[in-house]
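The values are calculated or read from the model by the stated rules, or taken from the named source; none is laboratory data. No experiment lies behind these values; they were computed from the predicted model shown. Neighbour counts are summed over all protein chains in view; Cβ atoms, including those assigned to glycine, are modelled from backbone coordinates with ideal geometry.
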Amino acid sequence: MESDLRSIGELARDSGLGVSALRFYDGADVLTPAWVDPQTGYRWYAPGQLADARLLCRLRRVGLPLAGIREVLGAAPGDGTAHRVLDAHLRRLEDGLADARRELSLIRALIDQRENPVTTTPAAYGFTVPARELAAALDAVRFAVGSDPEVPVLSGVLFDLDGGLLRLVATDRYRMALAELPVPSAAPPASPASAPVPGSSAAIVPTALVDAVRALLGSGAEEAELTLGGGRFRVSTGGHRIEGATLDHDYPDYRSLVRLDPVHRVGLSAAELRGAVESGDTRSLPSGPHGAACEVTVLALDGDGRLTVAADGTEPAAGDVRVAVNRDFLLDALRAGGPEQLVLEIAGPIAPLAIRTAGRDGTFSILMPIRVPDLA
């Protein structure tokens with residue numbers, strides 16, 4: 001009888017599967033030997049099992065799960081089951097590859113952030129902006145300022161003057177908010193007023209000073225004069241002035257993180273989304289600052305472009321795109337955006353969620369996703 005059979009070693013050699021793998025698949029009732037020696041326990045396989053073993057080897061190489069391997073090997077010839085299993089697995093691989101590309105893109109951005117910080121500069125520049133626009137910019141970013149004493153560099157708002165544009169940035173590593181203000185001209189204080197030059201300066205303004213400036217901007221004055229750089233920050237408006245020291249740190253490179261690659265864009269009112277989030281289902285997960293548990297909202301975008309808050313426990317429908325975020329962070333971002341029309345940019349469960357105010361592309365928030373096992 002043994003002359004018609006292959007030993008486990010021979011089958012391993014001819015199929016490409018290891019001996020230990022053949023033992024595993026025997027124990028899993030996927031590829032059981034034709035005969036087992038009752039005295040030695042040695043496994044022997046029929047000649048016809050070589051084709052199954054070679055197929056099993058290839059299914060294993062492409063990462064088909066055990067349940068799928070069992071379905072393929074047990075499928076009746078011609079009923080289409082094996083092809084359906086392979087098609088479903090190919091879709092999972094393609095989705096996983098797209099997710100991996102987005103994740104690697106984010107990882108590269110984080111590496112760039114570490115290697116290319118925004119360096120605060122000694123040069124001081126003075127410029128004037130509308131007081132109302134500066135107040136709105138502070139309101140748009142203040143909620144995202146970090147409060148972790150172990151990361152003092154994030155405990156303020158970055159004022160980044162780049163030529164004719166002033167960017168305000170705040171982040172606590174789990175979310176980021178950015179607002180832009182046009183600056184017609186900026187010049188060192190000693191420069192003649194008739195010959196302003198484009199300025200370039202950056203400084204981190206501590207939270208307490210930011211809040212004091214915001215209170216001052218509520219005085220009703222039309223313009224605010226800013227002096228930025230040289231380790232100091234000064235704002236004058238309506239006959240009043242506030243001045244203080246800036247933080248002596250280099251800020252993480254936010255510029256690489258805001259170059260998102262949106263896959264889906266959907267417009268809706270802030271009030272509509274806020275109402276859905278406040279009344280929608282959540283799930284509690286250990287995520288967020290210091291690993292503390294937080295309430296998570298899952299946003300679902302269906303194939304028709306409708307955005308909803310997914311009910312807890314519901315399975316994604318075919319074509320759905322979902323992303324999970326910290327519910328409180330999402331509500332903070334919606335309140336900061338005001339009652340206006342919003343544009344949400346969603347790329348998938350492991351990509352950041354961007355929330356933009358319609359018509360103000362330079363003012364937006366980014367929320368880092370929370371990985372939920374049944375979404376990935």
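Going by what's in this entry, would residue 313 be described as at pLDDT below 85 and buried (at least 20 other Cβ atoms within 10 Å of the Cβ)? Break it down stepwise before answering.
Details: at pLDDT below 85: yes; buried (at least 20 other Cβ atoms within 10 Å of the Cβ): no.
When the stated conditions are applied, residue 313 does not pass them.
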Answer with yes or no whether residue 244 is small (Gly, Ala, Ser), part of a strand (DSSP E or B) and at pLDDT 90 or above.
yes
For region 278-289, indicate whether the set of residues that are among the β-branched types (Val, Ile, Thr), within 21 Å of residue 354 (Cα to Cα), part of a loop (DSSP other than H, G, I, E, B) and at pLDDT 85 or above is non-empty.
yes
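For region 143-157, does any single residue satisfy the condition of being in a strand (DSSP E or B) and without any contact (Cβ under 8 Å) to a residue 60 or more places away in the chain? I'd like the intermediate steps shown before the answer.
From region 143-157, those in a strand (DSSP E or B) are 156-157; that's our starting set.
Filter again for without any contact (Cβ under 8 Å) to a residue 60 or more places away in the chain, leaving 157.
Within region 143-157, one or more residues are in a strand (DSSP E or B) and without any contact (Cβ under 8 Å) to a residue 60 or more places away in the chain.
I'd like the residue in region 1-11 that is assigned to a helix (DSSP H, G or I) and more than 11 Å from residue 50 (Cβ to Cβ) and, out of all such residues, is modelled with the lowest pLDDT.
To start, the set of residues in region 1-11 that are assigned to a helix (DSSP H, G or I) comprises 2-4, 8-11.
Still in the running and more than 11 Å from residue 50 (Cβ to Cβ): 2-4, 8-9.
Working: 2: 53, 3: 61, 4: 81, 8: 92, 9: 91.
If we take residues in region 1-11 being assigned to a helix (DSSP H, G or I) and more than 11 Å from residue 50 (Cβ to Cβ), then 2 is modelled with the lowest pLDDT.
Residue check: is residue 72 exposed (fewer than 15 other Cβ atoms within 10 Å of the Cβ) and not acidic (Asp, Glu)? Steps first, please.
On the way: exposed (fewer than 15 other Cβ atoms within 10 Å of the Cβ): no; not acidic (Asp, Glu): yes.
So residue 72 fails the test.
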Among what's in region 44-59 and is in contact with a Gly (Cβ under 9 Å, 6 or more places away or on another chain) and surrounded by fewer than 18 Cβ atoms within 10 Å (Cβ to Cβ), pick the residue that is nearest to residue 10 (Cα to Cα).
54
Selection within region 350-369 - modelled with pLDDT under 85 and crowded, with 22+ Cβ neighbours inside 10 Å
351
